[in-house]
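Read the structure below first, then the notes.
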Amino acid sequence: MECREEGKKFQELVEIVQRLRKECPWDREQTNQSIKNNLIEEAYELLEAIEENDDEKMIEELGDVLLQVVFNSQIKKDEGRFDVVVVTDRLIKKLINRHPHVFGESEAKNAEEVLKQWHQIKQEEKSSILEGIPKRMPALLRSYKVQDRMAKVGFEWENINDVWEKVFEEIQELKEAKTYEEKVHEFGDILTALVNLARFLKIDPEEALHLATDRSIRRFNYIEQKAKQQGKKLEEMSLEEMDRYWNESKGVVG
């Protein structure tokens with residue numbers, strides 16, 4: 001019964017989107033290009049709901065992400081290219097193929113073995129182990145993914161001391177850079193080396209920067225509150241005064 005209800009609700013969603021594409025002027029005018037950023041925005045809103053562990057918000061945002069999948073598929077159906085059935089079928093085949101320990105005869109005793117097997121199957125499906133990493137992925141995360149995949153086939157520093165040396169080497173090269181192009185190049189190399197260091201330290205660099213930015217916001221908000229209490233505008237505070245409150249905020253707001 002539950003499976004039937006899930007299928008019924010999904011079909012109802014597909015039919016609603018089909019009707020919107022026919023009868024709503026705005027929906028009818030949309031293309032995959034015009035709504036491509038919506039999926040990114042919805043994904044980030046879902047991520048925030050997950051981080052907040054807010055079930056009601058997750059229900060809302062999961063629905064919005066699902067809508068993007070169905071809507072983009074419907075646009076392609078209207079163009080005579082493919083539909084959501086093809087998308088779903090491709091996903092089903094992929095899941096079955098990449099879980100031979102469930103649907104086949106191979107074995108995987110723990111999560112680590114499952115991941116190893118998953119990556120082996122993906123590697124067989126691709127012409128390069130780096131294929132499939134989206135260019136539009138956030139830069140730190142993309143760098144992490146690229147380096148992690150290269151490491152899986154042995155392209156990796158032997159120990160963390162070598163990584164530390166690389167970080168300091170890249171910093172020195174940035175100090176010595178003369179032109180703007182050289183500075184951009186070397187700064188990128190520093191970020192790459194730091195992402196590699198994060199891998200060795202088992203740190204998610206994207207999450208680390210996200211948390212650091214949250215701290216910066218809390219601390220700057222503290223400075224803003226102090227300015228208001230004194231009847232000042234931020235522009236009227238000296239750098240020394242703002243720096244003092246910044247340091248003070250560490251013990252108050254973290």
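Across the stretch 153-168, what is the total count of residues that are loosely packed, with under 14 Cβ neighbours inside 10 Å and charged (D, E, K, R)?
3
State all residues of the stretch 116-144 that are in a helix (DSSP H, G or I), over 17 Å from the mean Cα position of the chain (by Cα) and of a type outside the set (A, V, I, L, M, F, W, C); if no residue qualifies, say none.
Lys116, Gln117, His119, Gln120, Lys122, Gln123, Glu124, Glu125
Filter the stretch 134-150 for residues that are surrounded by fewer than 16 Cβ atoms within 10 Å (Cβ to Cβ) and not acidic (Asp, Glu) and give the result.
Step one: filter the stretch 134-150 for residues surrounded by fewer than 16 Cβ atoms within 10 Å (Cβ to Cβ), giving 134-139, 148, 150.
Correct list: Pro134, Lys135, Arg136, Met137, Pro138, Ala139, Met150.
Can you work out which of the residues in the stretch 179-224 that are among the polar types (S, T, N, Q) and in the same structural domain as Glu169 (by TED's automatic domain parsing) is surrounded by the most Cβ atoms within 10 Å (Cβ to Cβ)?
Only one residue fits best here, namely Asn196.
Which residues, taken from the stretch 225-245, are surrounded by fewer than 14 Cβ atoms within 10 Å (Cβ to Cβ) and in a loop (DSSP other than H, G, I, E, B)?
Gln230, Gly231, Lys232, Lys233, Ser238
Which of the residues belonging to the stretch 198-215 are without any contact (Cβ under 8 Å) to a residue 40 or more places away in the chain and more than 19 Å from the chain's Cα centre (by Cα)?
Arg215
Pairs under 8 Å by beta carbon, first residue in contact (Cβ under 8 Å) with a residue 12 or more places away in the chain and more than 23 Å from Pro134 (Cα to Cα) in the stretch 37-56, partner in a helix (DSSP H, G or I) and of a type outside the set (D, E, K, R), six or more apart or different chains?
Going by the 8 Å Cβ cut-off, the qualifying pairs are Ala49/Met58.
The values are calculated or read from the model by the stated rules, or taken from the named source; none is laboratory data. No experiment lies behind these values; they were computed from the predicted model shown. So basically every Cβ, Gly included, is an ideal-geometry build from the backbone, and we count neighbours across all protein chains shown.
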